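Engineer: Attaching a single structure in structure tokens format; questions to follow.
Any read-out appearing in this document is the output of simple, stated calculations on the displayed coordinates, not a laboratory observation. Just so you know, these numbers come straight off a predicted model, no measurement behind them. Here the Cβ positions follow ideal geometry from the backbone for every residue, glycine too, while neighbour counts run over all protein chains shown.
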Amino acid sequence: MFLYALTLQRSGAITCTAYGNFSAPKQHEIVISHGKTLELIRPDQNGKIQSICQMECFGLIRSMASFRLPGSNKDYLVLGADSGRISVLEFSKERNQFERVHLETYGKSGCRRIVPGQFLASDPKGRAVMISAIEKQKLVYVFNRDASSKLTISSPLEAHKASTIHFSIVGVDVGFDNPIFAALEMDYSDADADETGQSAEEFNKVLTFYELDLGLNHVVRKASEPIDAASNMLIPVPGDTDGPSGVLVCAENKIAYKKPDHEDVVALIPRRQGMPLDQPLLITGYSHLKQKDGFFFLLQSEIGDLYRLTLTYNDEEVSEINITYFDTVPVAQSITILKTGFLFVASEFGNHALYQFLSIKGSDESDMMPVEVEIEGETIEIPHFAPRPLKNLLLVDEMESLSPILDMRVLDLAGEETPQIYALCGKGPRSTLRTLRHGLAVAEMAVSELPSNPLAVWTVKGSSKDAADKYIVVTFANATIVLSIGDTVEEVTDSGFLATNKTLSVSLLGDDSLLQVHPNGLRTVRSDKRISQFTPPNKGVINLVAVNQQQVVVALADHTMIYFELDAVGQLQEKAKPEIGGGQIAALDISPLGAGRSRGRFLAVGASVDGSWFVRILSLDPGSFMHIVSRQALPAKPESLCLIEISIGAAQSDGGTPTLFLFAGLENGVLMRITVDPITGQLAPEFRTRFLGTKPVKLFKVLVQEQPAVLALSSRSWLAYNFQGRYQITPLSYETLEYASGFASDQCPEGFVCVAANTLRILTVERLGEVFNQHSMKLSFTPRKSALLKDSGCFVVLETDHNSDMEKAKEARCDVAEDEEEENENKLPHSIYGEQRAGEAKWASRVRVIDPNERETKQIIELDPNEAALSVCVATFYDRKGHTFLCFGTAVGHKVGSRTGSGFLHTYSVVGSQLTFVHKTPIDGVPRALCSFQGRLLVGVGSALRLYEMGKRKLLRKCENRNIPNLVVTISTMGDRIYVGDVAESISFLKYNRILNELVIFADDTHPRWMTAACPVDYDTVAGADKFGNIFLTRLPDNVSDEISEEPGAVGMFEGNDLQGAHYKAEEIVQYHVGETVCSLQKATLSPGGSDAIIYGTMYGGIGALQPFVSREDVDFFLHLEMHLRGAAGAREHKPAGEGICGRDQLSFRSYYFPVKDVVDGDLCETFNYLSPSRQKQIAEDLDRTPGEVAKKLEDMRNRLL
Amino acid sequence: MSSDAKSVYSQQEHLQMKYVGTGHADTSKWEWAVNQHRDTYAAYIGHYSLLAYNSVAENESIGRLKYQYLQKMLSPCGKPPKKEDD
């Protein structure tokens, strides 16, 4: 079996960020790493985050740093990845992607202890970077310019120190003196040698300064000073003319300023009121802002509080560190202050946020309340503060992130034909249940009802120079109304348009005339309200019309056409009566003017000839006027045609070249896209088709991000547009629309005005490029598992938090979901405030019944304090026919990581969505997995698998198998087979022997795998995922399967063969490394008629699918494409065998833990679309195809899923 | 000792110098375990998704866990066993 692996939703989690001007000078941008993808974002002036480019790296990015060569105004990016190589990237504006400038190998690949890549620091003046491993190795690379001012990189200079653990490294700002790097180090050699264990207890941490001597070209250990044993992070302080230089050393509860030959200055970190003093507080993130009149730092603590830190200094002498409370935001992986006045907070989990600074002053000293505390006989004052809602920051935008997806289900609970994805996301108080639907999210700006059902709607500008539209024109069967757009939308009667007839088209003609086409003629309204009219000869009735700013063509009811052009004085002149040789005309369009041209060159006509439908292209050039230049047969009657220029590749504004396309919307709901030669008008022989819906497809030209785009309306609405240099066609998540037009006003610069039944709606599309749009519902604790109550379509969600006190949690959250967090001005919302750590083995947990359609909580079952719900399933019991039960397993006072303990099995009866308590069964282990099986309940208790039956007072244990290697974490069943996932030993196949009442392991997997999720794909095959980010399929060999099913009695004899595991071994048939921990797997289809696929959700919030190929030919094609593409992505020149931008080889990345087997990497294949046209052509030729065909194949694979 | 054996010995020594954790004939159980633990913690930190996984399980911040793991690398398996005098 060959599978095609494709990421559907890129991961949302952010692992590290780098700030700089990458695409152009003064463009303040942030590069973010999502682990294996790199993204460039830019907050615009309005505070909306714009995603500029996203790139797959085929490696794990662990650290990033930006640097700028002296005298330059753009930044380079350095990546520290798992490739054993350092790569230097530059953003190429032309190709809208990062390109590798340098790639230097220094060690083995993989995230190893002593191979650098974990920490990266650049010299503030951009002369060198230091890249370091967790232990021992540190390398310094020196950057320079060569004669042609290209960036050069030196060979590495070593600054290794054996037996040393690194916590943090930074580049110290020393101006143009020799670059200095500071490292926070811990030496373990004494602890390893001391038998008494004393050294380990009294260990030391040191701050070491490494000086890069540019003259001698080597690195010297300049100074090494002991620091607080609980130090965790370094922060460089601006130097040279901007500040005193040196570093801040963050430790638990305090921050110290350090510089060689400078006395230490120490300050205590202010604490939240009520936070126990024995609970240490760490700073985990920082950012700083340099201004003309000084600099300040923002620090974030591990519980989310932001502090403003300034230094009091005189010349180079620091006398005081001042720390004040600033605001509280979600706990971040990194925070970045932008020079444009924004703060980007890359949350550890959940959505990322962009805040605008309202003030950078922070709170006054008066907000801080010193509390005197006696520690070891000394009285010290510790500043305290009360967290409050945001005062200095204003939330302006969010970047959605599903991270972490802990459980996920693909189901159609809303009855929409297309299944939705329900994902349990988040951690602690920021947990959510999110409903994902394929398509772009649409925001309603306005909805107004009209007296009857309008037929169509247009918007028109008053002049070609205007940015906003002037009128909205709505037409009914026998009337037209005109609305003027201003602060409000009002009906007007002085527009000059004919109101007493139906309208066929309204548009801007020339610079400032308006054209209305109605069945009885053409009406031109000049800017001075002069009106001129044209009436078709012989009382002809106009049926169809196509216009651009200079040309008009109409088709009459008798299927003749008349073509007009605008003359120099702004008068429409009849130019010709194009002939296409009879037949019914069904659709028309004229090509757009294009920049600087006064005439669209082509006319497209969809007409019938002898009962079959064709589209013809007529030339409008004076040289070949009205010649039919090409034609194409259509499979059905065209409802609508659209000639439009969309740039494929870089956006037009960024220098991309537009391609002329003919879109044909057919009556049977199919959209065709054909490339048109812009010179000759020839239609390309290959075309794309896509089924959009059950209604005839109507096409409308609109603008999306100032680029031309097509809105296609059928029973679903779709948008075809260019996003980040790629053509995309995406459905809108909205009800059926009948007619649409682009809309621009001051309040809504880019939207659509649409007709749906008797309403007029103004819509905008948000978050372009998004594959799924989401609705979320808040939960109170980390969601662990879910079960579906089929009858009512409700979810049961287990919410369980470790390290949390149930009593306090109850008090704090009362019920978050129900009263949507009181808007109390002085109280910080609980989701931001978080919770006080309760300590190890303390749990808070509840079971919630949710109606995902209504987004409403139906019932909450509170568990006893310290009881943690871990597993759930809906079960039926053979002696309680017709009743459904919900069982969930809990652990009491459980220690994380421990494999022993005790707990309960709770049983509730289910009626509709109502759960009623039946009984509670004590259990001598931790029930990690439950599954209903043939009228009984399978429970994984530690390393045992047990079968329970329903009893009156409790569940009754019937039989048990204790031979699961370590700990049962997943159970699934199909027929009489049971598939059990072990925490470290992959899948075991079991069978229940009814006669002997035995559960028998008859086969298992040969690989050790740390299972997180499993689902049976067919009777003999199981798909599984492990903690390290692998997905695999394991299958029983045919003969084993036959033997087992033929001789049911024979299975008993396999028992007792403990030494080598089970009697039979399953074979691995598919193996693939995703690159992030997969927590959920399901076999499902994502669209009606789509192919069955294995859908997975990851810790980073990514969603992907593995779908089977339909033919061997496809497999060969994609295997070859993969082979050609390896190494091409991001390489500046073609390298026959190279690597992605981070220097990791794709094949070795996908074979991280086990060699990749029978999976084609769709993410790699899709990088074909980002290659330069010449490279695309070369690869396509090697595959005996055209680039168009390759792109079509790629699109088809994606379309089969979504 | 033949020169071949010598060179193998010196090669091995070189490897042990270069790659921390390379074993030798006298590697004790404790040394082996310490290296394994340190490698494991390094892998947790290097693979961000494992860090996130543990962070969700323990309900601690990622920054805190990273610090804890680095700290635990100092002496992951307690004090070394007493050397036996031979």
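Engineer: Looking at segment A:572-670, which GluC sites (Glu not before Pro) are in a loop (DSSP not H, G, I, E or B) and have at most 12 other Cβ atoms within 10 Å? List each step's numbers first, then the result.
Structural biologist: Working: sites: A:574, A:579, A:639, A:645, A:667; in loops: A:579, A:667.
Taking segment A:572-670 and a limit of 12 other Cβ atoms within 10 Å, the loop GluC sites (Glu not before Pro) found are A:579.
Engineer: Students often get this wrong, so check it: of A:136/A:205; A:920/A:1083; A:465/A:701; A:881/A:952; A:138/A:339, which have C-alpha atoms separated by over 21 Å? Can you show the working numbers first?
Structural biologist: Working: A:136/A:205 14 Å; A:920/A:1083 33 Å; A:465/A:701 19 Å; A:881/A:952 15 Å; A:138/A:339 31 Å.
Among A:136/A:205; A:920/A:1083; A:465/A:701; A:881/A:952; A:138/A:339, the Cα-Cα distance tops 21 Å for A:920/A:1083; A:138/A:339.
Engineer: Another question about this same structure. Evaluate Rg over Rh across segment A:994-1046, taking Cα atoms for both radii and Kirkwood's formula for Rh.
Structural biologist: Numbers: Rg = 13.1 Å, Rh = 12.7 Å.
The Rg/Rh ratio comes out at 1.03.
Engineer: Shifting gears a bit: Taking a cut-off of 13 Å, what percent of all Cα-Cα pairs in segment A:898-941 are separated by more than that? Don't skip to the answer; put the middle values down first.
Structural biologist: Numbers: 602 of 946 pairs.
Distances greater than 13 Å cover 64 percent of the Cα pairs.
Engineer: Right, something else. Set the Förster radius R0 to 22 Å, insert the Cβ-Cβ distance between residue A:487 and residue A:452 as r into 1/(1 + (r/R0)^6), and round the FRET efficiency to 0.05.
Structural biologist: Efficiency computed from Cβ-Cβ geometry: 0.25.
Engineer: Hey, what D do you get for the protein assembly as shown in µm²/s if you plug the Kirkwood alpha-carbon radius into Stokes-Einstein at 10 °C and 1.306 mPa s? Kindly include the intermediate steps, with their values, before the conclusion.
Structural biologist: On the way: Rh = 34.0 Å.
Here the translational diffusion coefficient equals 47 µm²/s.
Engineer: I'd like the per residue volume of the convex hull spanned by the Cα atoms of segment A:573-708, given in cubic angstrom. Walk me through the numbers on the way to the answer.
Structural biologist: On the way: hull volume 17.1 nm³, N = 136.
Roughly 126 Å³ of hull volume per residue.
Engineer: A follow-up question, please. Find which of A:51, A:23, A:154 sits farthest along the positive direction of the dipole of segment A:12-166, computed with +1 on the beta-carbon of Lys and Arg, -1 on that of Asp and Glu, about the Cα centre.
Structural biologist: Checking the options against the dipole of segment A:12-166, the answer is A:154.
Engineer: Here's another thing I want to ask about it. Could you work out how far helix B:48-58 tilts from the main Cα principal axis of chain B, as a 0 to 90 degree angle to the nearest 10?
Structural biologist: It is inclined by approximately 60 degrees.
Engineer: A follow-up question, please. Kindly put A:218, A:906 in sequence by how many other C-beta atoms sit within 10 Å of each C-beta, fewest to most. Could the numbers behind the result be given before it?
Structural biologist: Values: A:218 13, A:906 24.
Result, fewest neighbours first: A:218, A:906.
Engineer: What is segment A:1109-1201 by shape, rounded, prolate or oblate, if you read a ≥ b ≥ c off the alpha carbon gyration tensor as root eigenvalues and call it rounded for a/c under 1.5, prolate for a/b larger than b/c, and oblate otherwise?
Structural biologist: Working: a/c = 1.81, a/b = 1.07, b/c = 1.69.
Oblate shape, in that a/c is at least 1.5 and b/c is the bigger or equal ratio.
Engineer: Charges at C-beta only: +1 for Lys and Arg, -1 for Asp and Glu. How large is the resulting dipole of chain A about its Cα centre, in Debye rounded to 20? Can you show the working numbers first?
Structural biologist: Details: 119 positive and 154 negative charges, 669 e Å.
Taking the Cα centre of chain A as origin, the dipole is about 3220 debye.
Engineer: While we're here: Once Rh is set to the Kirkwood radius over Cα pairs, what Stokes-Einstein translational diffusion coefficient, in µm²/s, holds for segment A:12-166 at a temperature of 4 °C and a viscosity of 1.567 mPa s?
Structural biologist: Values: Rh = 15.9 Å.
It diffuses with D of about 82 µm²/s by this estimate.
Engineer: Sort all Cα-Cα distances of segment A:206-288 into consecutive 10 angstrom bins from zero, then give the percent of pairs in each bin up to the one containing the longest distance.
Structural biologist: 15, 41, 30, 10, 3, 0
Engineer: Looking at the square roots a ≥ b ≥ c of the eigenvalues of the Cα gyration tensor of segment A:716-803, which shape do they give, rounded for a/c under 1.5, prolate if a/b is larger than b/c, or oblate? Write out the running numbers ahead of the final one.
Structural biologist: Details: a/c = 2.57, a/b = 2.00, b/c = 1.29.
Prolate shape, in that a/c is at least 1.5 and a/b is the bigger ratio.
Engineer: Put +1 on the Cβ of every Lys and Arg and -1 on every Asp and Glu Cβ in the protein assembly as shown; which of A:1187, A:360, A:608 then has its Cα farthest towards the positive end of the dipole?
Structural biologist: The listed residue farthest towards the positive side: A:608.
Engineer: Now, a different point. Go through A:1149, A:223, A:105 and say which Cα lies farthest out towards the positive end of the charge dipole of the protein assembly as shown; charges sit on Cβ, +1 for Lys and Arg, -1 for Asp and Glu.
Structural biologist: A:1149
Engineer: Evaluate E = 1/(1 + (r/R0)^6) for residue A:198 and residue A:163, where r is the Cβ-Cβ distance and R0 equals 22 Å; express this FRET efficiency to the nearest 0.05.
Structural biologist: Result of the calculation: an efficiency of 0.80.
Engineer: Further, regarding this structure: Extension gain residue A:657-residue A:322, at 0.36 nm per residue separation less the Cα-Cα distance, in nm?
Structural biologist: Values: separation 335, 0.36 × 335 = 120.60 nm, distance 5.46 nm.
Gain on stretching residue A:657 to residue A:322: 115.1 nm.
Engineer: Another question, then. Between the alpha-carbon centers of segment A:694-773 and segment A:265-326, tell me the distance in whole angstrom.
Structural biologist: Using only Cα atoms to place each centre, the spacing works out to 48 Å.
Engineer: Oh, and also: Checking the a/c ratio against 1.5 first, then a/b against b/c, what shape does the Cα gyration tensor give for segment A:155-262? The partial results should precede the final answer.
Structural biologist: Working: a/c = 2.92, a/b = 1.44, b/c = 2.03.
Since a/c reaches 1.5 but b/c is at least a/b, the shape of segment A:155-262 is classed as oblate.
Engineer: Further, regarding this structure: How much length, in nm to one decimal, is gained on full extension between residue A:996 and residue A:229, taken as 0.36 nm per residue of separation minus their Cα-Cα distance?
Structural biologist: On the way: separation 767, 0.36 × 767 = 276.12 nm, distance 6.18 nm.
Result: 269.9 nm gained on full extension.
Engineer: Strictly greater than 15 Å: what percent of every Cα pair in segment B:27-75 meets that? Don't skip to the end; give the middle numbers.
Structural biologist: Working: 525 of 1176 pairs.
It works out to 45 percent of all Cα pairs.
Engineer: Let me ask you something else. Please state the charge dipole magnitude for segment A:456-702, taken about the Cα centre, from unit charges on C-beta atoms (+1 on K and R, -1 on D and E), reported in debye and rounded to the nearest 20.
Structural biologist: So the dipole magnitude of segment A:456-702 works out to roughly 340 debye.
Engineer: In Å, what Rg and Dmax follow from the Cα atoms of segment A:456-702?
Structural biologist: 17.9, 53
Engineer: Charges at C-beta only: +1 for Lys and Arg, -1 for Asp and Glu. How large is the resulting dipole of segment A:12-166 about its Cα centre, in Debye rounded to 20?
Structural biologist: Details: 21 positive and 14 negative charges, 52 e Å.
So the dipole magnitude of segment A:12-166 works out to roughly 240 debye.
Engineer: If you take all C-alpha pairs in segment A:397-504, what percent of them are over 22 Å apart? Could you put the intermediate results ahead of the total?
Structural biologist: Values: 3314 of 5778 pairs.
Distances greater than 22 Å cover 57 percent of the Cα pairs.
Engineer: In addition: How many partner chain Cβ atoms sit within 10 Å of a residue's Cβ in peptide A:193-203, on average, as a whole number? Provide the component values of the computation, followed by the final result.
Structural biologist: Values: counts 2, 3, 5, 3, 4, 1, 3, 6, 3, 0, 3.
Counting Cβ atoms of other protein chains within 10 Å of each residue's Cβ and averaging gives 3.
Engineer: A follow-up question, please. Enumerate the lysines that residue B:6 could reach by cross-link, defined here as Cα to Cα under 21 Å, with residues fewer than 8 away along the same chain left out.
Structural biologist: B:18
Engineer: Let me check against my output: what whole-number percent is the relative contact order of chain A, with C-alpha pairs under 8 Å and at least 6 apart? Working shown, then result.
Structural biologist: On the way: 3313 pairs, mean separation 106.1, N = 1202.
Relative contact order comes out at 9 percent.
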